[in-house]
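Down below is the structure, laid out as structure tokens.
The values are calculated or read from the model by the stated rules, or taken from the named source; none is laboratory data. Remember, predicted model here, so these are calculated numbers, not experimental data. Cβ placement follows ideal geometry from the backbone for every residue including glycine, while neighbour counts extend to all protein chains displayed. Note: accessible area is taken over every heavy atom of the protein model, side chains too, but ligands, DNA and RNA are not part of it. Shrake-Rupley method; radii C 1.70, N 1.55, O 1.52, S 1.80 Å.
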Amino acid sequence: MSVLLNSIQQATEWVSQNTDPLVKDLWFMGSVWPITIVVISYLYFVLKGGPEFMKFRNPYNIDRIVMIYNAVQVLFSTYLVKEAFRLVWLRDDYRFYCFETSKEDPDIARQQVYTVWLFLASRFLDLLDTVFFILRKKQSQVTFLHVYHHTLVITFGWSLTNFYPGGQVAFFGTINGIVHVIMYSYYFLTIINPEYKKAWWKKYLTTLQLVQFVITGLHAFITLFEPDCNFPRIIMLLAIPQDIFMFILFWDFYKKAYIKPKKIKQ
């Protein structure tokens, strides 16, 4: 037990010592415990506590809350995309193959890092998706893909924000932010008019997510071969397999949901 406690203490100290100075004083940063508690609590509620709590209860009517939540997500994601263009994409020093946090302008660097942290905060907000599913007794939507995706994004996102905020990951954040604007706009519309759940263009939301993983995966792959780049390649090496795995999971969902099997002729 003492060996385990000592290892935990050493790991905690290592995280604290290696946290990026620009995020050290922001919420959830500088210590591994807040993110660990959030992830464990999320998984417990999603996989055990939530379903047991709702087992003998009727679904909660929280449509108005969900509608407000979707509207907030659209506005929040729109703001993040706007800031990404202002602080990254439209800057003179932006390089598609390699972008690093501004070193010449400390004020811009702080703004870039703070925007990355806000993006992480929006991923915490995303966890409410699953909570709402369970409270509305839509357990069929709490799939492995759904839970894995949320858990992966928040864990990987925290690691990047804590140790290496900004830089090349802004590309993924911008693309993902655009996807979220479209996705939560659709969810907002389905609350106003449930008929949109059967809209012919619904499947293209999943197509958009598939395209997202292709684009971000290729971008990470290209960055690996850029010689004049100080952005840690280990991050890209970790991100590429996840992009591939997420593409496979979303493609499997797309096939099951939208590609009807051909009928075998008798």
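Could you please find all residues in the stretch 122-134 being within 14 Å of F156 (Cα to Cα) and in contact (Cβ under 8 Å) with a residue 40 or more places away in the chain?
Within the stretch 122-134, S122, F124 meet the criteria.
The rows are residues; the columns are (1) at pLDDT 95 or above; (2) in a helix (DSSP H, G or I); (3) open to solvent by 100 Å² or more (accessible area, probe 1.4 Å).
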residue: P21; (1), (2), (3): no, no, yes
residue: F28; (1), (2), (3): no, no, no
residue: V39; (1), (2), (3): yes, yes, no
residue: R64; (1), (2), (3): no, yes, yes
residue: L75; (1), (2), (3): yes, yes, yes
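Write out, first by first residue and then by second, each pair whose Cβ atoms fall under 9 Å of each other, whose residues are 6+ apart or on separate chains, and whose first residue, in the stretch 29-55, is under 30 Å from F163 (Cβ atoms) while the second is outside any helix (DSSP H, G or I) and among the small types (G, A, S).
Here the result reads none, with nothing in the stretch 29-55 linked to a residue that is outside any helix (DSSP H, G or I) and among the small types (G, A, S).
Is the stretch 151-160 home to any residue that is in contact with an Asp or Glu (Cβ under 9 Å, 6 or more places away or on another chain) and either over 30 Å from T101 (Cβ atoms) or not charged (D, E, K, R) (or both)?
Yes: the stretch 151-160 contains one or more residues that are in contact with an Asp or Glu (Cβ under 9 Å, 6 or more places away or on another chain) and either over 30 Å from T101 (Cβ atoms) or not charged (D, E, K, R) (or both).
Look through R57, R95 and report the one residue that is open to solvent by 70 Å² or more (accessible area, probe 1.4 Å), among the charged types (D, E, K, R) and within 30 Å of Y186 (Cβ to Cβ).
One residue alone meets the criteria, R57.
Limited to the stretch 99-110, what total is found for residues that are modelled with pLDDT of 75 or more and surrounded by fewer than 16 Cβ atoms within 10 Å (Cβ to Cβ)?
So the answer is 4.
For the stretch 17-48, which positions are within 29 Å of I108 (Cα to Cα) and among the polar types (S, T, N, Q)?
Result: Q17, N18, T19, S31.
Going by the conditions given, is E52 at pLDDT 90 or above, among the acidic types (D, E) and either crowded, with 17+ Cβ neighbours inside 10 Å or not in a loop (DSSP other than H, G, I, E, B) (or both)?
yes
Taking F85, is it in a helix (DSSP H, G or I) and closer than 30 Å to Q141 by Cα?
So F85 fails the test.
How many residues are assigned to a helix (DSSP H, G or I) and either surrounded by fewer than 16 Cβ atoms within 10 Å (Cβ to Cβ) or acidic (D, E) (or both) if we restrict to the stretch 186-204?
8
Go through I222, I175 for me and flag whichever is closer than 26 Å to L87 by Cβ, free of Cβ contacts under 8 Å to residues at least 60 places away in the same chain and open to solvent by 20 Å² or more (accessible area, probe 1.4 Å).
I175
Taking the criterion of being surrounded by 14 or more Cβ atoms within 10 Å (Cβ to Cβ), touching a Ser or Thr at 6+ places or on another chain (Cβ under 6 Å), closer than 18 Å to Y79 by Cα and of a type outside the set (K, R), would at least one residue in the stretch 161-171 satisfy it?
yes
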